[in-house]
Amino acid sequence: MTSSASSFPAVDLYAGEHWQIARTLPDQIAPRTATLWVCSAGYGLIAASAAIRPYAATFASGGVDSVGKDKSAARDWWTRLTEWPGPDADQPRSFADLARRDPHATIIAVLSDAYQRACATDVTVAASLLHDTQQLSVVGPSTNDLEDLVVPVTARLQPHLGGSLLSLNARVAAFLLRSSVDDDHDLRRERLRERVEQTTQATPVPATRTAGQRLTDEEVRAFIRGHAGERAATATGLLRRLRLSGRSCEQARFGQLFAEVMAWGARP
């Protein structure tokens, strides 16, 4: 984050398939009123309308922008963010603050496993502050951190809802909000779980692809040499042909062997 950077409404700053679905969530429940909030590793909990500057921080592990080397550190980071005033004065800074402001509100948090781990304590406290804990649901993968509060999302739902796995949590949330309009606006966690379970059971299990015959490096090189002289031969095209023939090779390994063969002029 840099002080010289321009500020933008959070709703316009975030991008990607997940966010494109997430920003439509309030519209799914019309005519009821809903407010969209952002769970940010850089800013904490903020309204989607909050003016913020570009930043680089995520609770997802393994990246250069990852914060918190373990669960404890990630939760400490989130706690410190909730204690910071943030970009909007007098606005809730945590899930617990949202619950305190309106104990009769319904809170649906769309959180990946990494963000569940970071926010688990805050979300658990928020549930306890509501009039009924069933008013809070976490839409995402089932984890040990928030197991009692989660409406579990699995890859089994992807064929039914479309999109990539990166946006699946948000797509499930949109589906649940839309279907609640036809279900007397019932957004209790137990009812959301029933809808997800019914939809999961009704979605056919994708057929598993039979693994192909795995080739040695030399066998792969021989295959590449045999087709390298063809017009517009590419690593992607030849790998597809290899797999269609019932044989297999990892994409990265095939690409490396393809480069080696082509560098040597495809000599026998």
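The values are calculated or read from the model by the stated rules, or taken from the named source; none is laboratory data. This structure is a prediction, so every number in the text was calculated from the model and none was measured. Every residue, glycine among them, receives a Cβ derived from its backbone with ideal geometry; neighbour counts consider all protein chains shown. The area values use the complete protein model at the heavy-atom level, side chains included, leaving out ligands, DNA and RNA. Shrake-Rupley method; radii C 1.70, N 1.55, O 1.52, S 1.80 Å.
Tabulated data for the structure shown
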{"item": "Beta bridge orientation in the chain: antiparallel %, DSSP, nearest 5", "result": "40 percent"}
{"item": "Probe 1.4 Å - accessible area at residue 104, Å² to nearest ten", "result": "130 Å²"}
{"item": "In Å², nearest 10: area of residue 192 left accessible to a 1.4 Å probe", "result": "0 Å²"}
{"item": "For the chain, the longest site-free run once trypsin sites (Lys or Arg not before Pro) in DSSP loop states with at most 10 other Cβ atoms within 10 Å are removed", "result": "70-208"}
{"item": "Positive-end extreme of charge dipole, the chain - chosen from 251, 112, 131 (charges on Cβ)", "result": "251"}
{"item": "Helix 189-202 vs. the chain, principal-axis angle (Cα, 0 to 90°, nearest 10)", "result": "20 degrees"}
{"item": "Distance between modelled label sites at residue 197 and residue 227, nm, 7 Å Cα→Cβ extension", "result": "4.7 nm"}
{"item": "Fluctuation leader among 220, 196, 172 - the chain, Gaussian network, Cα springs under 10 angstrom", "result": "220"}
{"item": "Candidates 148, 182, 122: whichever shows maximal mean-square fluctuation once the chain is modelled as a Gaussian network with Cα springs under 10 Å", "result": "182"}
{"item": "Once exposed loop GluC sites (Glu not before Pro) are cut out (DSSP; at most 13 other Cβ, 10 Å), longest piece of the chain", "result": "1-229"}
{"item": "Solvent-accessible area, 1.4 Å probe, carbon plus sulfur percent, for the chain", "result": "51 percent"}
{"item": "Relative contact order %, the chain, counting alpha carbon pairs below 8 Å whose residues are six or more apart", "result": "14 percent"}
{"item": "Modelled FRET efficiency - R0 35 Å, residue 77 with residue 250, Cβ distances, 0.05 increments", "result": "0.45"}
{"item": "For the stretch 155-172 and the stretch 65-87, distance of Cα centres in Å", "result": "28 Å"}
{"item": "Label corresponding to Cα extents along the principal axes in Å when calculated from the structure given, among (i) 74, 50, 33; (ii) 64, 47, 30; (iii) 64, 36, 32", "result": "(i)"}
{"item": "Listed residue (81, 162, 227) projecting farthest to the positive dipole end of the chain, Cβ model", "result": "227"}
{"item": "Average accessible surface area per residue within the chain, 1.4 Å rolling probe, Å²", "result": "56 Å²"}
{"item": "For the stretch 1-66: relative contact order, % (alpha-carbon pairs under 8 angstrom, 6 or more apart)", "result": "40 percent"}
{"item": "Top of 167, 94, 61 by mean-square fluctuation, Gaussian network on the chain, Cα under 10 Å", "result": "61"}
{"item": "FRET E, pair residue 148, residue 5, Förster distance 45 Å, beta-carbon r, rounded to 0.05", "result": "0.65"}
{"item": "Other-chain or far-sequence residues with amide H under 5 Å of residue 47's (modelled H)", "result": "38"}
